[in-house]
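K.L.:
Encoded as structure tokens, here's the structure I'll be asking about.
The values are calculated or read from the model by the stated rules, or taken from the named source; none is laboratory data. Remember, predicted model here, so these are calculated numbers, not experimental data. Note that we place each Cβ from the backbone using ideal geometry, even for glycine, and neighbour counts take in every protein chain shown. Areas reflect the complete protein model, heavy atoms only, side chains present, ligands, DNA and RNA absent. Shrake-Rupley method; radii C 1.70, N 1.55, O 1.52, S 1.80 Å.
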Amino acid sequence: MTMRALSVSLLSLTLLLAPAAAQQPQPNPGFTLNTDVRIVLTDVTVTDKKGNLAHGLPASAFHITIDKQPRPILSFVENVSAPTAIAATPTAGNNTYSNEYLLHLPPVLNIVVLDTSNLGITQQMYLAIKFNKFLKQLPADQPLAVYARTYEHLVLIQNFTADHALLTAASAKVMPHLPIPHVATSDESLLYDLAQQLTQVPGHKNVIWFSGGASLPLGSSIGEKPDNLRKVYDQLEAARISVYPVDARGLMVSVVGGYGRLATQHMQMRETAEGTGGQLFSGNFLDELAQTILRQDSSFYTLTFSPKDFQPDNKWHKVHITVEPSGYSLSYRQGYFADGNNIAPPIQTKPDRHRELLLAGGKTVDTPADIRSAPIIFTASIVSTSQAAHDSFNDSDFTQLHPPVPPKRGRVAYFIRYMLPPDAFLPQTVDGHPQVSFEIAALAFNQLGERVGEDGQHVHLTFAHDHPTIPICIEQQIDLLKGDVYLYLAVWDTSTGRLGTIQVPVTVK
């Protein structure tokens, strides 16, 4: 086993693990390169005049136009989501976590973003009251994940869970807090963070974004957004994210610049919603509005279609969908950028099959049809070095990536113990023995989203047998500041580009 220090970079998974990762072409989940076909995938929610979900509509009831030109539907499916108890919860004790839940997700997920970066103390208190009321109205089995932005960056403060106590405790950690003066936050960076962090989560994602107004640059239409924002919208589309901006100020709005600026902010928020298939909510009924989102988007239709004679002209192309008979209300992504991103082959009519890869020496290994997009499922135990002497693990089962070193003053040393399935990595046969190479990285953030700790390592293993069955157990040290810390753990296969991540909150005592 060899190791080297790794410089990690914030927010981008391609730079988070190794410089080589930036040189590897990174996949868009569900899409592969084909220069002459652009497949548009759209999730559509349909409600009747009473606001009830419309079930059982046939594909023939839907009609699609792109820039007012009719286009045929290539594939059609109705998704009905029953609430499922999902969470990256401990699996073997209070300090052990897994991302195995990614294999058992419903077709639609709901994520809350508490963006207090531009809210004063009074407005935060108002949002905290409304959010707690909203949680009490949730069905007992309705899972949520909660992200927060109190400063510049987005952090996961509670992974998917239906435990209302955990959700309430998570929100209490970030609201209220003293605003940080002279900090310019960007909606673009928040949307980028969302797309990056949720790309690996399959299915449709509804993001309920509580904030104090928009900060995106305003154009006369979404099609006039600058190139960097177009890329963000491409990423949101590829990750199947619909954004529902909610003005968390309710009726307690006092905006510098008066109601003209308020109208401009709402116009920007509405553009973000319509560009991703969501809807803007404002007013004094945040809990009721958020409940409407959760209720309506538990069921939706997924349609795919293709533009005629696709050309990457970097323009916004408007999509319009109608349902017969008339009288239904539809919510869907109302366009796409033809900038050459998110290119896809024609939709397959048969399920993906596994494929065989030929290794050196004529041996083969089975891999998923889309090996790069399949997440690496793993388990990680997070314990302080003082706790490690008393836990149930046998230290000899874990290989230390580097000898333990005393932490710096004001920090606490923690061990991250990874248990990785040996078949998660694509082996290369060298001198008759299979070898694997992968990277691991741990990033720590405080409540402000500031990076307060990091460690990355390159791991190279040689197996004695062709088909190892014993889990790969390795131990990594990271020194953390005292207080509430949010850990981001990542495992990256350098041969295939496959990635696995776990995000967990840790209270460092």
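K.L.:
I'd like to know if the range 132-140 contains one or more residues that are within 19 Å of Ile241 (Cβ to Cβ) and surrounded by fewer than 21 Cβ atoms within 10 Å (Cβ to Cβ).
P.N.:
No, because not a single residue in the range 132-140 is within 19 Å of Ile241 (Cβ to Cβ) and surrounded by fewer than 21 Cβ atoms within 10 Å (Cβ to Cβ).
K.L.:
Of the residues in the range 159-214, how many are farther than 24 Å from Glu450 by Cβ, of a type in the set (S, T, N, Q) and modelled with pLDDT under 85?
P.N.:
0
Matching residues to (1) touching a strand residue (DSSP E or B) at 6+ places or on another chain (Cβ under 7 Å); (2) closer than 23 Å to Ala214 by Cβ:
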residue	(1), (2)
Ala140	no, no
Arg149	yes, yes
Glu152	no, yes
Val155	yes, yes
Asp163	no, no
Leu167	yes, no
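K.L.:
Have a look at Leu127, Leu144, Leu167 and point out the one that is open to solvent by less than 50 Å² (accessible area, probe 1.4 Å) and within 15 Å of the chain's Cα centre (by Cα).
P.N.:
Leu144 is the lone residue from the list that is open to solvent by less than 50 Å² (accessible area, probe 1.4 Å) and within 15 Å of the chain's Cα centre (by Cα).
K.L.:
Given the structure, is Asp187 closer than 27 Å to Leu229 by Cα, over 14 Å from the mean Cα position of the chain (by Cα), open to solvent by less than 30 Å² (accessible area, probe 1.4 Å) and not hydrophobic (A, V, I, L, M, F, W, C)?
P.N.:
Against the criterion (closer than 27 Å to Leu229 by Cα, over 14 Å from the mean Cα position of the chain (by Cα), open to solvent by less than 30 Å² (accessible area, probe 1.4 Å) and not hydrophobic (A, V, I, L, M, F, W, C)), Asp187 qualifies.
K.L.:
Could we say that Ala490 is closer than 19 Å to Ile157 by Cβ and in contact with a Leu (Cβ under 8 Å, 6 or more places away or on another chain) here?
P.N.:
Yes; evaluated as a whole, the condition is true for this residue.
K.L.:
Same structure again: So how many residues does the range 403-433 have that are assigned to a loop (DSSP other than H, G, I, E, B) and exposed (fewer than 13 other Cβ atoms within 10 Å of the Cβ)?
P.N.:
Of all residues in the range 403-433, those assigned to a loop (DSSP other than H, G, I, E, B) come to 403-410, 421, 425-427, 431-432.
Still in the list and also exposed (fewer than 13 other Cβ atoms within 10 Å of the Cβ): 403-406, 408-410, 431-432.
Looking only at that region, the number is 9.
K.L.:
Take the residues in the range 451-491 that are of a type in the set (Val, Ile, Thr) and not in a strand (DSSP E or B), then tell me which one is farthest from Thr399 (Cα to Cα).
P.N.:
Here the residue is Thr469.
K.L.:
Same structure again: Would you check which residues across the range 104-123 are surrounded by fewer than 21 Cβ atoms within 10 Å (Cβ to Cβ) and assigned to a helix (DSSP H, G or I) and list them?
P.N.:
His104, Ile121, Thr122
K.L.:
Among the residues of the range 424-457, which ones are touching a Ser or Thr at 6+ places or on another chain (Cβ under 8 Å) and within 30 Å of Arg149 (Cα to Cα)?
P.N.:
Answer for the range 424-457, where residues must be touching a Ser or Thr at 6+ places or on another chain (Cβ under 8 Å) and within 30 Å of Arg149 (Cα to Cα): Glu439, Gln447, Leu448, Gly449, Gly456.
For every residue, the table says whether it meets (1) within 27 Å of Leu166 (Cβ to Cβ); (2) open to solvent by 50 Å² or more (accessible area, probe 1.4 Å).
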residue: Gln457; (1), (2): no, no
residue: Phe463; (1), (2): no, no
residue: Asp466; (1), (2): no, yes
residue: Ile472; (1), (2): no, no
residue: Gln477; (1), (2): no, no
residue: Val491; (1), (2): yes, no
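K.L.:
Of everything in the range 37-57, what is surrounded by 15 or more Cβ atoms within 10 Å (Cβ to Cβ) and not in a strand (DSSP E or B)? Give them in sequence order.
P.N.:
Hits for the range 37-57 are Arg38, Ile39, Ala54, Leu57.
K.L.:
Just checking, how many residues over the range 147-164 are open to solvent by less than 40 Å² (accessible area, probe 1.4 Å) and either aliphatic (A, V, I, L, M) or part of a helix (DSSP H, G or I) (or both)?
P.N.:
Result for the range 147-164: 6.
K.L.:
Inside the range 220-261, can you point out the residues that are open to solvent by 20 Å² or more (accessible area, probe 1.4 Å), assigned to a helix (DSSP H, G or I) and either at pLDDT 60 or above or under 29 Å from Gln124 (Cα atoms) (or both)?
P.N.:
Asp227, Asn228, Arg230, Lys231, Gln235, Gly258, Tyr259, Gly260, Arg261
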